[in-house]
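Please read the structure below before turning to the comments.
The values are calculated or read from the model by the stated rules, or taken from the named source; none is laboratory data. Everything numeric in this text was worked out from a predicted model, so none of it was measured. Every residue, glycine as well, gets a Cβ built from its backbone with ideal geometry; the counts of neighbours run over all protein chains shown.
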2 protein chains.
Amino acid sequence: MAKKIKNNKPMKRRSFLKGAGAAALGAATVSSFPAPAISGGHMEWIACSAFGKASLLGKAIERFASYINNQSDKLKITVYHANELVPALESLDAVRSGAAQMAYGAGYYWTNVSNATQFSAAMPFGLTAQEQNAWCYYGGGIEAADKAYNAIGVKFLPLGNTGNQMGGWYNKEITAIEDFNGLKIRMPGLGGEVLKSYGANTVLLAGSDVLPALASGAIDATEWIGPAADLGAGLYQAAKYYYNPGWHEPATILDCSIDMFEWEKLDDATREMITVASKAVNMEVLSHFQAVNDSSYQKLINEHGVQMRQLPDSVMNDLGQRAGEVVSDIASKDPEAQALFSHIVNFRSSILRWTGVSEKEYLRARSLPFAYPSA
Amino acid sequence: MAKKIKNNKPMKRRSFLKGAGAAALGAATVSSFPAPAISGGHMEWIACSAFGKASLLGKAIERFASYINNQSDKLKITVYHANELVPALESLDAVRSGAAQMAYGAGYYWTNVSNATQFSAAMPFGLTAQEQNAWCYYGGGIEAADKAYNAIGVKFLPLGNTGNQMGGWYNKEITAIEDFNGLKIRMPGLGGEVLKSYGANTVLLAGSDVLPALASGAIDATEWIGPAADLGAGLYQAAKYYYNPGWHEPATILDCSIDMFEWEKLDDATREMITVASKAVNMEVLSHFQAVNDSSYQKLINEHGVQMRQLPDSVMNDLGQRAGEVVSDIASKDPEAQALFSHIVNFRSSILRWTGVSEKEYLRARSLPFAYPSA
C-alpha cells in the first residue's frame, strides 16, 4: 500500500531533522542544510544508502556522489550509509518524508510503500544483467519503472547491478522439488514466494542475523548474493553446500530514487549529468562484482572446503514453471505491479531469443573440452 | 610496426588542414580551430570516427561529445564521422598526425601501427562483453591495454561494445572442419587467421564491397556484426545461411584513442568527466545492440527467409583449440602483443570459472521447456 506523497516538504524536513536523525546528521550539516528552494543556484542533497559504507555498494554510491560533486557547481550530494542517518531499509522513507533527496537500494526493499518496484529489481527466471540494462536504456524500461516509482514520489535510475547471484547456502541437499517442503530458508521477495508455494518456511532476517540463525539451525538455508559478498559474510562457516545458479535473482538492479520535486527543479544539464554518472556507476558495479567473484569462489572451495552443488534440471524446470505462475499472480493484485510485470515479460520473451542464439550458445561452446592458453 | 610519435603538432595540424581534410572541415571550423596549447583554458578537439554518421555507433560518438560539450567549459569536441575528414580506417592516423585529438574505432582497425591493440578488441573464444568490462575496469585491463596504446601515442578508453556477434553469412553449409578448406571468406583479424590455418582464403573488404562480392560469388561467406547491423547491410540478399554463435568475436570493445599529449594537458576533473562519460557510452552501446537485435533477427527469419545454422560442437571444439594456438603464435611475435595477450588470457581463465557456474548455467536452465508468461 503506497503512502500518500507529502507536499509540505520544508516542514516535514525540519521536523524530521529535529527527531531521530538530528544527532546523526551533526550540527554542521544541519546548519548548512538548505531550504528545498534553490538558494543562489546551489542545492545540497542528502543521499541515504541501504548498504554499508565499507561494502562494494557503499563505495559505489560514494563514487556517484563524488562524480556529481566534482562536476557540478549547482548540486552537492552528501552520502549517509546504512544506519548512519536512518535504518537501511528506511532510506526511501527518508526521501518521502523530505529528510533526504535520494535513496540507494533495490526495488524489493521498498515493499512497504510499493507492490510494484520489486519487479524491476529482479524476477525469478527473469532477465540477466545485460538484458536488464538493454531493457532500461533501450527497451523503455526506465519509463515503465518510473510509472511505479513516480507513484511513490520518486524518479528511478539504475545505479548498479549484482549480476547473476548464487542459489544460496544449504545444510540439506536438494535433489527433488519436494525437498523444499518444510525447509526453513531466508529468501526475501518473489523468489521466497515461489518456495513458499512448495511448503518452504521463508523468513526475513537482517544481514547480521543470518549467520547466527544458520549456525543455530533456526534456518536450514539462506540466499545471499554471490561469492565475494558471501565470503565476507562468513556463511561458509555454517552451511555445507553452496548452490548455483541464482534462479531467484538472475541479476538485481540497484536503484537510485530521487525525490520527484527535487528532480523536476533541476536544469537539463544537471539531469543529464546525473543520468550519465548513473550509467557509469551502473557499469562499474556490475564489472566490479564480476571481476572479484572468482577469487572469492576459489577461496570458498579451496580454503574453506565448501561443496558446490547445482540444482538438478528437473528441479529448475519445476521452479521455472512455478515462478511464472506465482509472480504473475502477485502482479495481478496491483495495477502498477501488473503494468510493470507485463512490460518486463514482454521484453523478456524477445531478448531471450537473441540471448539464446548468441551469449547462451557462445558460453556453452566455450566450455567444450578444447585447451586454451591461460597465461 | 609503430610509427614514431610526432611532437611538432601545431605545424603538422596546420599542414594537414590545408590538405585533403580542409574542404570537409569547412571555413568556420578551420578559423575557430585553436592552437593545441590551452587558450584561455578552453580547448577544442576533433574526434575522427571510423563509423558512419547514421549508424548506432555514429550516434554513440555524437552522444559522447555532447555529454562533454554540455558539461565542460574547458573542452569542446567536434565529431567527424567516417570519411568526413579522413577515411574510416585512418582515424587513428589523424590523431597521430596531430590533425585530430581523438579517434573512435576498434583495436583491430589499427594494425597498420600496432600489432597489440587488436587483442583487447576481441579474441576468438575470448571474453564476453560483461567479462571485458570487468577486465577493463576492475581487472587491470585499461592499464594493460594502455601499454600498447601509449606506445603509439594515445590513451585508451573503452567506448562501447557490440556484445556477442553472429558467426556470419554462408552460402555453403559447414558440417566439418574440413569445409573451411578453400572457403573464400571475409573475416578480418585474429578470427580470419584461425580460418586461414584450415586453408580458407580470407579477404579484407570495406563494408560497401561486401554485399556485391557475396552476390557475385567472389566470396562464399562473410562475417559482419549481428542481426541489427547485418539486416541494414542487406546481407540476407546474397547468402542462404546465417550462422551462430560468433566465436571469432565473442564481444568487441569499441575504443576511444586520445592523443597522449592532449590527455596529459587536461586537469583531473576533465579527465574524470571524460572517463565517466566513456563508461556511460560503453553501457549505452552494448545495451542498444542487445535491445534491437531480436527484432532484426525475427525479420531476417520471418520476412527474408533466412535459414539459421549453428556450427556443430565438433567444429567449435576444433576452432577453440586452434584459436588458442594461432592467437598465441601471433602474440609471441611482438612483445607488446604478448604482454597484452597474457594479461587477457590470465583474466579469462579466472572469470571463465565464475561465468561458468553463474551466467552460463542460468542461461541453460532458463531455456528448459517450462512455460513462462510473455505479457
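Quick notes
- So B:R96, is it touching a residue at least 12 places away in the same chain (Cβ under 8 Å), at negative phi, in a helix (DSSP H, G or I) and surrounded by fewer than 23 Cβ atoms within 10 Å (Cβ to Cβ): no
- Hey, A:Y297 farther than 26 Å from A:V345 by Cα and in contact with a strand residue (DSSP E or B) (Cβ under 8 Å, 6 or more places away or on another chain) or not: no
- For the stretch A:198-211, the candidate set comprises residues that are in contact with a Leu (Cβ under 9 Å, 6 or more places away or on another chain) and under 21 Å from A:F51 (Cα atoms); within that set, the residue that is modelled with the highest pLDDT is A:L211.
- Flag if A:M273 is buried (at least 24 other Cβ atoms within 10 Å of the Cβ) and not assigned by TED's automatic domain parsing to the domain that holds A:N317: yes
- Residues that are crowded, with 24+ Cβ neighbours inside 10 Å, in a helix (DSSP H, G or I) and within 14 Å of chain B (Cβ to nearest Cβ) are absent from the stretch A:154-164.
- The set of residues in the stretch A:169-183 being in contact with a helix residue (DSSP H, G or I) (Cβ under 9 Å, 6 or more places away or on another chain) and either assigned to a helix (DSSP H, G or I) or of a type outside the set (S, T, Y) (or both) consists of A:W169, A:N171, A:K172, A:E173, A:I174, A:A176, A:I177, A:D179, A:F180, A:L183.
- Close Cβ contacts (under 8 Å, 6 or more residues apart or on different chains) running from residues in the stretch B:51-66 that are on the phi > 0 side of the Ramachandran plot to residues that are not hydroxyl-bearing (S, T, Y) are absent.
- When A:D267, A:D318, A:D259 are checked against the criterion of being charged (D, E, K, R), more than 7 Å from every other protein chain (Cβ to nearest Cβ) and surrounded by 22 or more Cβ atoms within 10 Å (Cβ to Cβ), A:D259 stands alone in meeting it.
- Residue check for A:G126: surrounded by fewer than 22 Cβ atoms within 10 Å (Cβ to Cβ), closer than 30 Å to A:M316 by Cα and within 14 Å of chain B (Cβ to nearest Cβ): no
- Residue ID - nearest to the other protein chains (Cβ to nearest Cβ), chosen from residues in the stretch B:229-256 that are of a type in the set (A, V, I, L, M, F, W, C) and in contact with a strand residue (DSSP E or B) (Cβ under 8 Å, 6 or more places away or on another chain): B:A251
- Only one of the numbered conditions (1) facing chain B (nearest Cβ under 8 Å); (2) surrounded by fewer than 22 Cβ atoms within 10 Å (Cβ to Cβ); (3) touching a residue at least 40 places away in the same chain (Cβ under 8 Å); (4) under 24 Å from the mean Cα position of the chain (by Cα) is not met by A:A337, and that is (1).
- When the test is whether a residue is facing chain A (nearest Cβ under 10 Å) and without any contact (Cβ under 8 Å) to a residue 60 or more places away in the chain, B:V327 does not pass it.
- Unique residue being modelled with pLDDT under 95, in contact with a helix residue (DSSP H, G or I) (Cβ under 7 Å, 6 or more places away or on another chain) and not assigned by TED's automatic domain parsing to the domain that holds A:S328 when the list is A:Y108, A:Y137, A:Y149: A:Y108
- Selection over the stretch B:203-246 of residues that are more than 14 Å from A:W354 (Cα to Cα) and either assigned to a loop (DSSP other than H, G, I, E, B) or not assigned by TED's automatic domain parsing to the domain that holds B:G182 (or both) gives a count of 13.
- Test: B:A280 is at the interface with chain A (Cβ under 10 Å from one of its Cβ atoms), small (G, A, S) and crowded, with 16+ Cβ neighbours inside 10 Å: yes
- For the stretch A:240-275, the tally of residues that are of a type in the set (V, I, T) and within 14 Å of A:F156 (Cα to Cα) stands at 4.
- Meets criteria (over 23 Å from A:Y149 (Cβ atoms), buried (at least 24 other Cβ atoms within 10 Å of the Cβ) and hydrophobic (A, V, I, L, M, F, W, C)) for A:W247: yes
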